[in-house]
1. Restricting the search to segment 320-358, which residues are assigned to a loop (DSSP other than H, G, I, E, B) and more than 24 Å from Ser305 (Cα to Cα)?
2. Would you check if Ala379 is in contact (Cβ under 8 Å) with a residue 40 or more places away in the chain and aliphatic (A, V, I, L, M)?
3. Based on this model, can you work out whether Glu94 counts as out of contact with any His (no Cβ under 8 Å at 6 or more places or on another chain), at pLDDT 95 or above and either within 28 Å of Pro169 (Cα to Cα) or not charged (D, E, K, R) (or both)?
4. Of (1) open to solvent by less than 20 Å² (accessible area, probe 1.4 Å); (2) under 26 Å from Leu107 (Cβ atoms), Arg129 satisfies all except one. Which?
5. Name the residues in segment 316-334 that are open to solvent by less than 60 Å² (accessible area, probe 1.4 Å) and either basic (Lys, Arg) or farther than 21 Å from Asn268 by Cβ (or both), would you?
6. Filter segment 424-461 down to the residues that are assigned to a helix (DSSP H, G or I) and open to solvent by 50 Å² or more (accessible area, probe 1.4 Å) and list them by number.
7. If Gly160 satisfies every condition in (1) over 17 Å from Thr426 (Cβ atoms); (2) at pLDDT below 95; (3) assigned to a loop (DSSP other than H, G, I, E, B) but one, which is the exception?
8. What's the number of the only condition in (1) part of a loop (DSSP other than H, G, I, E, B); (2) farther than 23 Å from Glu88 by Cβ; (3) of a type in the set (Asp, Glu) that Glu363 fails to meet?
Amino acid sequence: MKPLRNGCTIYTMPLKTERKPPHHEPVVLGQARAAQQIWARTALRKRLALLRHARHSTAAKSTELARSVPCERPGALHRSVADTLVAEVLPLVEACRFLEREAGWILAPQRLSAHTRPFWLRRVSAETRREPLGVVLIIAPANYPLFLPGVQALQALAAGNAVLLKPAPGGMAVAEALRDVLVECGLDPGLLQLLEESPDAAMDAIAAGVDKVFLTGSATTGAEVLYQLASRLTPAVMELSGCDAVFVLPGADPDRVVAALAFGLRFNGSATCMAPRRLFLVGEHPGLLPALLEQLKTLPAVPLSGRIQTHLADLLDDARRLGAAVLVEGSVTLIGRATAEMHIAQSDIFAPVLCIFEAPDVESAIAAHAPCPYALTAAIFGPEGDAQALASRLAVGTVLINDLIVAAADPRVSFGGRKSSGFGVTRGREGLLEMTALKTIVTQRSRDRRAYQPTTPDHQAFFAGYIEAAHGGGWLARWRGLGKFLRAAARLD
């Protein structure tokens, strides 16, 4: 432990340089690299045809696939097969179809516009290409063990990569089910290999030398993984914790707000990174809180682990000490008179907890929202124009207007956070591009070799005149620069 000047404490992770990867990790990585080299040379249309076949197979086996997702763990006890179908299988196949339709143009080479090319490079052309990274490591979460790593795996494969998938504890069965579908559709088994569920398996793969890491997990886990990545400068995408906010503006539909909040606190046992944790009531909403309290009575109790229960009790003690009123405690925890200083209003706890902030105006709500270290998503309910204005001022990764959680499953929407909620994105166009390395190819078609020659004192006026002629502030300055340029050019000739 290491104390900071402000009295807080940070925990320094022990060095792991002495730990050598098990023998099987380099072997698995070698197999993946060999398969990836062939896969990368496979035409994109053929790669997407395999994904299309896998989507059709997933549709035929959707219930079987949904049943492979564990539902007995804390936080998911009340998830039914129907819940899993709509929360994981449906968005997964929609994301697959998005790739089939859009990956061609997203990954196509892009020629840079000649209209913006500098005059002195008029014989130069340039294009950007998107190439596979090689072998990517996907570290899967426990709360959505099919949808979240599944989309990342499909995007990685579409881009021409091989994948090492490390399931969360309890997630091996669904990972195997997903892999079986792809292999049965013709995927080389070397392109999608499953690691053990232990965190050590991910660290061993990193030590063996993967090309990029995609982690969905807590901010604490993200820090641990980044520590391991640092020595190799391995790039990563981190989709991390949330403590997400809901803003209710004047004119919002109170029935919709209440239904959305109840859904967010109930869905998947509230073990969702986008679940509502802070509610900002902007202005007067006299009937909303009583309606919400009534709605919350119908929610089933969520079984929490002992660790989460202890953490929640500590957070409630801190909130009470700072003047909070615990309005409901049980199946859902509802906290009134919340302030930004309370630890519970800055926590990424996976439990149905909602802190209520009363803000007289938008400025006060923004000020109360800002101290939270997490910035994954925010939801805003109210007239669309007002909501759009507020959305532009929130430093978060995704803003949902008049919706909560549901619309983020749109396969077109790229998803990622800011601050302690991570960096980089998954899903959508930008998520697919994260699975690639950018290569720019620049071609010079001029036969002139003067650019390679050393400059002389006469070149000073030549270049200064050109710069002023091309970039001077006004026609007079540009005309003056042109004169300097032409006189200097004559002396050089």
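The values are calculated or read from the model by the stated rules, or taken from the named source; none is laboratory data. Please read all numbers here as calculations on a predicted model, not as lab measurements. Neighbour counts run over all protein chains shown; Cβ positions are idealised from the backbone, glycine included. The accessibility values were calculated without ligands, DNA or RNA, using every heavy atom of the protein model including side chains. Shrake-Rupley method; radii C 1.70, N 1.55, O 1.52, S 1.80 Å.
1. First, the residues of segment 320-358 that are assigned to a loop (DSSP other than H, G, I, E, B): 322-324, 329-332, 337-342, 347-352.
Hits for segment 320-358 are Leu322, Gly323, Ala324, Arg337, Ala338, Thr339, Ala340, Glu341.
2. Values: in contact (Cβ under 8 Å) with a residue 40 or more places away in the chain: yes; aliphatic (A, V, I, L, M): yes.
Yes.
3. Numbers: out of contact with any His (no Cβ under 8 Å at 6 or more places or on another chain): yes; at pLDDT 95 or above: yes; either within 28 Å of Pro169 (Cα to Cα) or not charged (D, E, K, R) (or both): yes.
Yes: the conditions hold for Glu94.
4. In the conditions (1) open to solvent by less than 20 Å² (accessible area, probe 1.4 Å); (2) under 26 Å from Leu107 (Cβ atoms), Arg129 misses (1) alone.
5. Passing the criteria: Leu316, Asp318, Ala319, Gly323, Ala324, Ala325, Val326.
6. Residues of segment 424-461 assigned to a helix (DSSP H, G or I): 428-433, 450-452, 457-461.
Result: Arg429, Glu430, Arg450, Ala451, Tyr452, Pro457, Asp458, Gln460.
7. (2)
8. So the condition that Glu363 fails would be (1).
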